[in-house]
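Participant: Following this message is one structure expressed as structure tokens.
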Amino acid sequence: MFNNSVYEGFLEAAPDAMVIVNGNGEVVLFNSRAVKLFGWTHAELAGQQVKNLIPEGFAERLLADALRSSAEALAQQIGSGIELIGQRKGGGKFPIEIMLSPLQSDAGLLVNVAIRDITIRKASEGTIRRLNRVHAMLSGILSARVHDCDELFKGACKVAVDVGKFQMAWIAMVNSETGNIVPSASTGVSEELLTAIKDRFLLAKAGSLGDSLAARAILGKEAIVINDVSAAQGLILGKPYIAAGIRSIGIFPLIVNEAAVGVLALYSREKDFFLDDEMLLLAELTNDISFTIDHIEKQDKLNYLAYYDVLTGLANHRLFLDRVAQYLRSAAVRKHKLALFLIDLERFKNINDSLGQAAGDSLLKKVATWLIENVGDANLLARVGADHFVVVQPEVTHEEDMARKLEKTLREFHEHPFYLNGTGFRISAKVGVAVFPVDGADADTLFSNAESALKKAKQSGDPYLFYTPSMNARVAEKLMLENRLSKAMDNGEFVLHYQPKLNIASGKLTGAEALIRWNDPHTGLVPPGQFIPSLEETGLIYEVGRWALKQAINDYLGWRNAGLAAVRIAVNVSPLQLRHRDFSDEIRRVIEIDAHASEGLELEITESLLMENVERSVSRLKLIRAMGIPVAVDDFGTGFSSLNYLSKLPLDTLKIDRSFVIEMTAAAEGLALVSTIITLAHSLKLKVVAEGVETLEQSRLLQEMKCDEMQGFLFSKAVPADIFEEKFLRKPPDAV
């Protein structure tokens, strides 16, 4: 029997709710604080099962363990300060802390349970945890070393989620041009929810912030807080937020120079997260982010001023030379040339003085725009003085091509009207050019030498000059040659000479090779090696090549119609001609003038050209041969042909290069090589022509090796058409 009177006074004097429980889990004694804590009456609490007061963990585990242990073991095992959940009469639950002590009575082992409501303490601990998380988040963001706003925004959102334990965070900024809100960074947010948030921004009209929470925070320059999403009225995305587990939302404006430039949005799983203490810390956080934004923008502006020209937006002298230094490293490694063009605008001072600085600034910006459009890359340009611009060409193949393009650009620049105050002005420019590596190995030296070249150009009146005098002379000579060649085509100064080909066995005339000559009225007859490269560089080879084809066919038809023993004429094809996609159509147009034209034409193509693209060569040569025009491979043996490819090419003739014919009589190896070429050609059913035959010994050896035809000075050099006609066509073919 348990004697209540012994313990009643003790229980009532205790500062906490107290209950004594027997082995059946029944409350056998309690104090008034227990009655008040749990909400039962004295009558109801007496004999109440302890599991109705402490529903989980106590009756099943602690009490059972206590009843199986001795009093000493119980005291040692149970200890104190166990946190559980209490339950009031109405079912409401709250956090409690219990301390247990064993009681030995006449009725057996009992357990005294001291119970303390720790709701307030738990709330304080939660607040402390939240504040600690915000503190840690604040520290994490401020300690990060960032160099641009994108990095800042991404880092802040990541720290908010990883350290601050927010469910998601994003930052959006006001676009200064459109006036709309644009998301900049986000972390911990699903794509679906982020899309829904972005869509809210997109609903805003151009130039308007809209009616989103972010817009309200920006317009009011005050934080917008929702501490219970489930109870919020009119929240457009309320259901998606609840589905995502979001219970609290805080939207904080980012204010720079008293203007709201964006927002930081934080979303928490906890209801009532954004309370006074948290808000103070988060206000400090957003202030620090705003300060960092301002600092980065000012630093960006300083960096911009340090490296860019404010008026035109082009690189300034310092940044340009840094870029040139990078291009120079590449040029040195790849062993190619590089060029600097320093440009001086003429008449700029007069325009600036007469129309005012505003007009002068406008002209400079228009010139910068024109240069960017014509150069194609603003990174290759800079403004380096009041009226000076500079351009780098990172890779130069031929100075002549560069000079030709520069002349064209200067001409187009002068022809372009720049409108100022409604009036079009035509501006000329002088250019100084320095070329790596001949004019300098570093950026500073090249720029200095370009300045020197510009100064000389201004003094001499030349539109441009190179720094190196010899280069000026060479380029001038080359460009003069190109101009003369262009006029030569118009003036009919090109002529064809013909070199005969003979059958080695019979000595009969079998054909002729057409060789172009330039009859320069100033210097006389110019051999092809001195002008063909220029024709190819300028593209004149297309026009001259067409003329050569037409002239050869006209000569052939003229001889044929005159009843002469006309022979097929071989015309050399330039690599540029064969690479042109319309080449076969061009041949067709040339031979359409007469039904017999194709009978008088043969095309000679160098071996190296055929090997550049075998598949393309095969397709084009098939089209040509289908027109009845045979194809010969010129200079065979110099192009490293593969036998596999050679067998696929639609060819008729191999021409042995002159160098092999010369070596044939100099060494046994040379003779063996020529013999091999002849045998190979015959095995492929190809005719063989030996070029450059100059001696009877060479002729004899070629005849012994069964070479089919030959041409060279032994019989005749290339001669004008009238001499070829008189000497070779007005005689019987076998009398040559």
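Participant: Check the straight Cα-Cα distances from Lys165 and name the aspartates and glutamates below 14 Å, setting aside those fewer than 8 residues away within the same chain.
Facilitator: Glu270, Glu278
Participant: Beta carbons within 10 angstrom, averaged per residue: use that to sort the peptides 256-264, 228-236, highest first.
Facilitator: Put in order of decreasing packing, that is 256-264, 228-236.
Participant: Can you give me the long-range amide H partners of Glu602? Hydrogens built in the peptide plane at 1.01 Å from N, cutoff under 5 Å, separation of 5 or more residues or another chain.
Facilitator: Ile569, Ala570, Val571
Participant: Rounded to the nearest percent, how much of the accessible area of segment 345-412 (1.4 Å probe, protein heavy atoms only) is carbon and sulfur?
Facilitator: Summing carbon and sulfur atoms, their accessible area is 46 percent of the total for segment 345-412.
Participant: What nm value, rounded to one decimal, do you get for the distance between Met99 and Glu83 when each label is placed 7 Å out toward the C-beta?
Facilitator: Spacing of the two 7 Å Cα→Cβ label points: 1.8 nm.
Participant: Now for a different question. Write down the accessible area per residue of segment 7-52 in Å², having rolled a 1.4 Å probe over the full set of protein chains.
Facilitator: 47
Participant: Return one quarter of the surface area of the convex hull spanned by the alpha-carbon atoms of segment 343-487, equal to its mean projected area, in nm².
Facilitator: Mean shadow area of the hull around the Cα atoms is 9.4 nm².
Participant: Right, next: Please give every one of the aspartates and glutamates within straight-line cross-link reach of Lys198, meaning a C-alpha to C-alpha distance under 20 Å, and leave out same-chain neighbours fewer than 8 residues apart.
Facilitator: Correct list for Lys198: Asp150, Glu177, Asp211.
Participant: Taking 0.36 nm per residue of separation and subtracting the Cα-Cα distance, what length does fully extending Asp199 through Val310 add?
Facilitator: 36.3 nm
Participant: Among rounded, prolate and oblate, which fits segment 657-734 when a ≥ b ≥ c are the square roots of the eigenvalues of its C-alpha gyration tensor, a/c under 1.5 means rounded, and a/b larger than b/c means prolate?
Facilitator: Verdict is prolate for segment 657-734.
Participant: Now a separate question. Give me the 1.4 Å probe accessible area per residue for segment 523-621, excluding ligands and nucleic acids, in Å².
Facilitator: I get 43 Å² per residue for this part.
Participant: Using only Cα atoms, what Kirkwood radius does segment 220-339 have, in angstroms?
Facilitator: 18.6
Participant: Order Thr41, Thr606, Thr286 by their accessible area, 1.4 angstrom probe, all chains in place, largest first.
Facilitator: Output order, biggest surface exposure first: Thr41, Thr606, Thr286.
Participant: Where a ≥ b ≥ c are the square roots of the eigenvalues of the C-alpha gyration tensor, would you call segment 526-596 rounded, which needs a/c under 1.5, or, failing that, prolate if a/b is larger than b/c, or oblate?
Facilitator: oblate
Participant: Now for a separate question. For Lys685, go through the lysines and keep the ones whose alpha-carbon is under 25 Å away, minus same-chain ones fewer than eight residues off.
Facilitator: Within the straight-line cut-off, Lys685 pairs with Lys501, Lys508, Lys622, Lys648, Lys655, Lys706.
Participant: From largest accessible area down, sort Lys271, Lys430; use a 1.4 Å probe on the protein chains.
Facilitator: Lys271, Lys430
Participant: Given a 1.4 angstrom probe, I'd like the percentage of the accessible area of segment 490-597 that is carbon and sulfur, rounded to a whole number.
Facilitator: Taking all protein chains in place, segment 490-597 shows 46 percent carbon and sulfur surface.
Participant: With a 1.4 Å probe and all protein chains left in place, how much accessible area per residue does segment 229-373 have, in Å²?
Facilitator: For segment 229-373, the per-residue accessible area is 51 Å².
Participant: When only Cα pairs under 8 Å and 6 or more residues apart are kept, what is the percent relative contact order across segment 475-562?
Facilitator: Taking the mean separation of contacting Cα pairs over the length of segment 475-562, I get 24 percent.
Participant: On to the next question. Compute, for Lys154, the solvent-accessible surface of its heavy atoms (probe 1.4 Å) with the complete set of protein chains present, and express it in square angstrom to the nearest 10.
Facilitator: 130
The values are calculated or read from the model by the stated rules, or taken from the named source; none is laboratory data. Keep in mind that this is a model prediction, so the values were computed, not measured. We place every Cβ from the backbone using ideal geometry, glycine too, and count neighbours over all the protein chains shown. The area values use the complete protein model at the heavy-atom level, side chains included, leaving out ligands, DNA and RNA. Shrake-Rupley method; radii C 1.70, N 1.55, O 1.52, S 1.80 Å.
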